[in-house]
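A short write-up of the structure that comes next.
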Amino acid sequence: MAILLSGRGSNMLALVEATKSGVLKGLAEVVVVFSNKPDAFGLEAAAALGCPVAALPSQGRKREAFDTEAAQLLQQYQPDLVVLAGYMRILSSAFIQPFAGRILNIHPADTHQHQGLHAYEWAFENQLPETKITVHLVDEGLDTGPILAQQAVDLRGADTLAEVERRGLAVEHALYAQALADLIQNKQAVMSSKKTSC
Ligand code: GRF
């Protein structure tokens, strides 16, 4: 898989860890960690772990032109899956088409209730008793793709935004790896059932 990020990269770290000693061990490997922000902390952290890294600055670029170039760069690594982990860009069809059906995202809320940025702030300000972390396939809308996995986070008693985020991120880190493992195992099962039937 290719992991895409723009910031601190805590989900990337959890996924890399899962490939080494968690639920993704033997199922997935990271072919590249890519960022549209060359100075993203997560990119540095990935390099420190020995992951292949690549960056292409998006600042000042037109969306389609940047997405075309980013997709071409990523295709050189031949990822089966493109895993967005805090990748702060809305993707155009120039990016989505080459990887259609193979791009995943994690959103820190139920995507039926909240889309876009600041989902933890939204949950905190509205004093929600829980939020639902969502892993979904990416289409051309903003957090509109089919849901693959969801898990509720109990927010009762979380009286700061930092506490809301702490609880949410702990769930994100486990759920993303598990959702990927389930997806890969399902794909493998489909492929092996096709193999035996002909
Ligand atoms: C996470 O909350 C994720 O759900 C959202 O962006 C944030 C990225 O955090 N899409 P990190 O960079 O993985 O720490």
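The lone criterion from (1) within 17 Å of residue 180 (Cα to Cα); (2) surrounded by fewer than 16 Cβ atoms within 10 Å (Cβ to Cβ) left unmet by residue 75 is number (1). Residues that are among the β-branched types (Val, Ile, Thr), within 13 Å of the ligand (Cβ to nearest atom) and under 28 Å from residue 97 (Cα atoms) within region 132-178 comprise 133, 134, 135, 138, listed in sequence order.
The one condition from (1) in a strand (DSSP E or B); (2) loosely packed, with under 14 Cβ neighbours inside 10 Å that residue 150 does not meet is (2). Of all residue pairs spaced 6 or more apart or on separate chains, none has beta-carbon atoms under 8 Å together with a first member in region 112-130 that is closer than 20 Å to residue 140 by Cβ and more than 16 Å from the ligand (Cβ to nearest atom) and a second member that is of a type in the set (Gly, Ala, Ser) and in a loop (DSSP other than H, G, I, E, B).
Computed from the coordinates by the stated procedures, all read-outs in this text should not be read as laboratory data. Just so it is clear, the structure is predicted and the values come from calculations on it, not from any experiment. Methodologically, a virtual Cβ is constructed for each residue, glycine included, from the backbone with ideal geometry; neighbour enumeration extends over all protein chains shown.
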